[in-house]
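Reading through the structure tokens given below for one structure.
Coordinate-derived values only; no laboratory data. What you see is a predicted model, and the numbers here were worked out from it, not measured in a lab. As a convention, Cβ positions derive from the backbone with ideal geometry for all residues, glycine included, and neighbour counts pool all protein chains shown.
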Amino acid sequence: MSVVHVLNGPNLNLLGHREPAVYGDETLADVEMRCRRLAAGLGLGLDFRQSNEEGELVTWLQECGADVASGRSVGAVLNAGACTHTSVALRDAVVGAEVPTIEVHLSNVHAREAFRHHSFISPVARGVVVGLGVVGYELAIRALQHYAEERA
């Protein structure tokens, strides 16, 4: 069974409590449950993780790349949080590990502060979902499954 990796960056562990007017009131556990249900319905396993450490996210992307190369994964849904706007290392991990990646943001980053308008990940991602709340994760999983079927 192929796996979809869902990787979450800094502060996403605070979902449901941090700025609910911006990020919604669902917790990260709620998001995981939704993703797990959808993945199972698509015949996929789910590797769902969160870290406040940039280096750990890099390692996970590299592991995902190895899983994709061996046919064990369809790719990564990546909500890198604030690292989106600062991390060349995450960008390089997506490229170097050849990870089909869908970048996800709960809020519409383009309607927020100017520093959130730039993403190091978007130019190397297969696609980007912004501003659709937690349903963005589900759309990203569906997209990765679709692209995996195209590659097969």
Handout entry: Cα-projected label distance for Glu98 with Ala69, points at 7 Å along beta-carbon direction, nm
Key = 0.7
Handout entry: Cα-based equivalent ellipsoid of the range 17-103: semi-axis lengths in Å, sorted from largest, via gyration tensor
Key = 22, 19, 9
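Report D for the range 83-131 in µm² per second (integer): Stokes-Einstein, Kirkwood Rh on Cα pairs, 25 °C, 0.890 mPa s.
Numbers: Rh = 11.0 Å.
Calculated translational D: 223 µm²/s.
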Exercise for the section: Tell me which residues come under 5 Å, amide H to amide H, from Gln50 once H is placed; ignore anything under 5 positions away on its chain. Expected result: Asn8
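State which helices in the chain qualify, where a helix is a whole DSSP H run, it must extend 30 Å or more along its own axis by its Cα atoms, and its mean Kyte-Doolittle hydropathy must be at least 1.0.
None pass (Cα extent of 30 Å or more, hydropathy at least 1.0).
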Exercise for the section: Compare the Cα positions of Val6, Ala69, Gly136 along the charge dipole of the range 3-151 (+1 at Cβ of Lys, Arg; -1 at Cβ of Asp, Glu; about the Cα centre) and return the one farthest towards the positive end. Expected result: Gly136
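For Val88 and Arg112 in the same chain, what is the full-extension length gain: residue separation times 0.36 nm, less their Cα-Cα distance, in nm?
Details: separation 24, 0.36 × 24 = 8.64 nm, distance 2.15 nm.
Between Val88 and Arg112, full extension yields an extra 6.5 nm.
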Handout entry: Zero-based 5 Å bins, Cα pair distances in the range 3-151, whole percents
Key = 2, 10, 21, 25, 22, 14, 5, 1, 0
Completion exercise
FRET efficiency for Arg126 and Ala152 from the Cβ-Cβ distance with R0 = 25 Å, rounded to 0.05, comes out at 0.95
Practice task
Towards the positive end of the charge dipole of the range 3-151, with charges on Cβ (+1 Lys, Arg; -1 Asp, Glu), say which of Pro100, Leu38, Leu90 has the farthest Cα.
Solution key: Leu38
